[in-house]
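For reference, the structure is listed below as structure tokens.
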Amino acid sequence: MIDVLIIGSGGAGLTAALNAKKEGANVLVISKTFPTHSQTCQAQGGINAVLNENLNDNVENYINDTYKASHKLGNKSTIELFCKESKDTIEWLDSIGVPFSRTKSNIIAQRKFGGTKAERTCYSSDYTGLKILHTLYDQCLKEEIKFLNEHQLLNLIVEKNQVKGITAINMIDSKVKEFHSKTVILASGGYAGIYHQFTTNSYTSTGDGIASAFRAGAKLSNMEFIQFHPTTLEKKNILISESARGEGGYLIDENGNRFIEELKARDEVARAIFERTHKGKKIYLDLRHLGLERINEVMPQERHLVQDFMKLDMESDLIPVTPSAHYTMGGILTNIEAQTNIKNLFACGECSQSGIHGANRLGGNSLLEIVTFGKIAGINAAKEAKKESQYITPLNTQFIKDKKSIEKILNRENKADFYKTKKEIGKLFFNNVGLFREEKKLERALDYIIKKENEISYYGIEDKSELYNKNLIEFIEFQNIIQLSKIILKSAIERKESRGAHFRTDYEEEKIDFDKNSISILKNNSLEISFEDVL
């Protein structure tokens, strides 16, 4: 019997697995990709922590910076725990072998990121997420944790508001399977993939876990808040980390003028760049003054990316940049224990709304979140599993329903190209649900999504085979994109103010009436949007 079933094998899922196993739980990790392919590997810049309290920095400053960035939507108790645990988190990662960059005194090196006044971001050159991910995976293999890769989550199995497992499709043979478990942890990542061709995220970041939780009755929160990274390679959407600016890089216009403080909050910097690029002006990242030796030391990966994709050299050329959708602050609402409103269902990482980021995330906080709350989710899920000694096997209702649904997709005629619609949604969202928003554009986007939702039965797939049918998996993801797009739009329309990453040109001020989290929930088969106080 599976005690703790974890969906997702990125940093959050792997941390949860290690901690659940440490508690004596029988753990299985299911993922649609292989662990080393997860989105965590694309987090380049670093992970925040206060390692030494001194005149320049302390935990209280870190708490204040994180809460300020959240624009009053962060949970103060959760943020306090998160920041106070940061040193222990880094020391644990260091102890299991994460190769952090170090100073000449052999202490973990830290750099400054946006929205802070201190050098607080630990790093491993510009491979921080990848190094953390690989180290965590090595530890999971050492602990003989079981993995089942290339399985796409379909739905949660829920009875009487208690999760009993999941249904998933085996990507190798297209067979629907069910997995029963005492507890489930969703660590399935965010939904910035909706901004198709306008995002730094991989194609797999389609919010599958969030969509499945919503269908099961879980509360979603703050789905309107999507962070745009200021600096991605022009027309490539390839991330150039905040570390480039943290090391002293400049942002300049086509006349060579610096037009904004480079380490302001990401939403401010991204909007400043977008305003200029939207008018046809060029914006560049200037690192030439750092010199080749420093660039090779602290950002070798990014230097190679610029060479490979732009045919430019960081040490001698200006790098044209533009904002792209990067991170989603919204997700499945969880409390300080990583619990959702469904019994025995936990969530951690980017798929959750844990009360840390609110309306805007500080760079360096996402990697800390996945490890901090991955640990909390793993421990708590294992403890809850121990209480389920009288586990009752669920009915196979969800399994039969999902099996019939997949058979229907495989057999129905393809009357419309969902790949074309997916591209249209990406462009529509970037233009209408991007850095600047207003009611009419949001309403037009919603009308489009509702139209496509009503036409979903017209969409099908060309590939009818069962062996490695990528066409089928991408159609399942497309269905999740349609569902989440509607939730994002309705949440954005209802929040009639500007706050953090949600900037409304028709409501430019932050309003006290909206010092609340937006809540999205499925009731009587209909989407309901409301606002709740931040507890």
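No lab work stands behind these numbers, since they all come straight from the coordinates. None of these values were measured; they are calculated from a predicted model. Counting neighbours? That spans all protein chains shown, and the Cβs are built from the backbone with ideal geometry, glycine included.
Kyte-Doolittle mean at least 0.0 and Cα extent at least 24 Å along the axis: which DSSP H helices of the chain qualify?
Qualifying helices: 365-387, 470-494.
Treat the count of other C-beta atoms within 10 Å as a stand-in for reagent exposure and order H71, H37, H304, H326 from fewest to most.
H304, H37, H71, H326
Counting alpha carbon pairs within less than 8 Å and at least 6 residues apart, what relative contact order, in whole percent, applies to the chain?
In percent, rounded to a whole number, it is 21.
Setting aside same-chain residues fewer than 8 positions from K420, which aspartates and glutamates have a Cα under 15 Å from its Cα?
E453, E455, E462, E474, E477
Mind computing the radius of gyration and Dmax over the alpha-carbon atoms of the stretch 230-325? Å is fine for both.
Final numbers for Rg and Dmax: 12.1, 36 Å.
By count of other Cβ within 10 Å, fewest leading, how are T231, T167, T89 ordered?
So the residues, fewest neighbours to most, are T89, T167, T231.
Mind checking which of Y284, A325, G249 is farthest towards the positive end of the stretch 230-325's charge dipole, using Cβ charges of +1 (Lys, Arg) and -1 (Asp, Glu) about the Cα centre?
A325
Taking amide H positions as placed 1.01 Å from N in the peptide plane, with prolines and chain starts having none, which residues 5 or more places from G330, or on another chain, fall under 5 Å of its amide H?
F225
Report the semi-axes of the equivalent ellipsoid for the chain in whole Å, largest first, where each axis is √(5λ) for an eigenvalue λ of the Cα gyration tensor.
34, 28, 23
Using a cut-off of under 11 Å, list every residue of the stretch 344-380 whose amide N is near the label point 7 Å from the Cα of V59 along the Cα-to-beta-carbon line.
Within reach of a label on V59, which here means backbone N under 11 Å from a point 7 Å along Cα→Cβ, the stretch 344-380 contributes nothing.
What 222 nm value per residue comes from the helices of the chain, counting each DSSP H run with n ≥ 4 as -39,500 (n - 2.57) and dividing by all residues, nearest 500 deg cm²/dmol?
-11500 deg cm²/dmol
Have a look at G358, L5, N201 and report the one farthest towards the positive end of the charge dipole of the chain, computed about the Cα centre with Cβ charges (Lys/Arg +1, Asp/Glu -1).
Of the candidates, L5 comes out farthest on the positive side.
Mind putting a number on the dipole of the chain about its Cα centre? Charges go on the C-beta only, +1 for Lys and Arg and -1 for Asp and Glu, and I need it in Debye to the nearest 20.
Here the chain has a charge dipole of around 940 debye.
Considering only N525, A492, N54, whose Cα is most displaced toward the positive end of the charge dipole of the chain, charges sitting on Cβ of Lys, Arg (+1) and Asp, Glu (-1)?
Of N525, A492, N54, it is N525.
For the stretch 1-46 and the stretch 444-487, what is the separation of their C-alpha centers, rounded to whole Å?
27 Å
Answer rounded, prolate or oblate for the stretch 173-225, using the Cα gyration tensor with square roots of eigenvalues a ≥ b ≥ c: rounded when a/c is under 1.5, else prolate when a/b is larger than b/c, else oblate.
oblate
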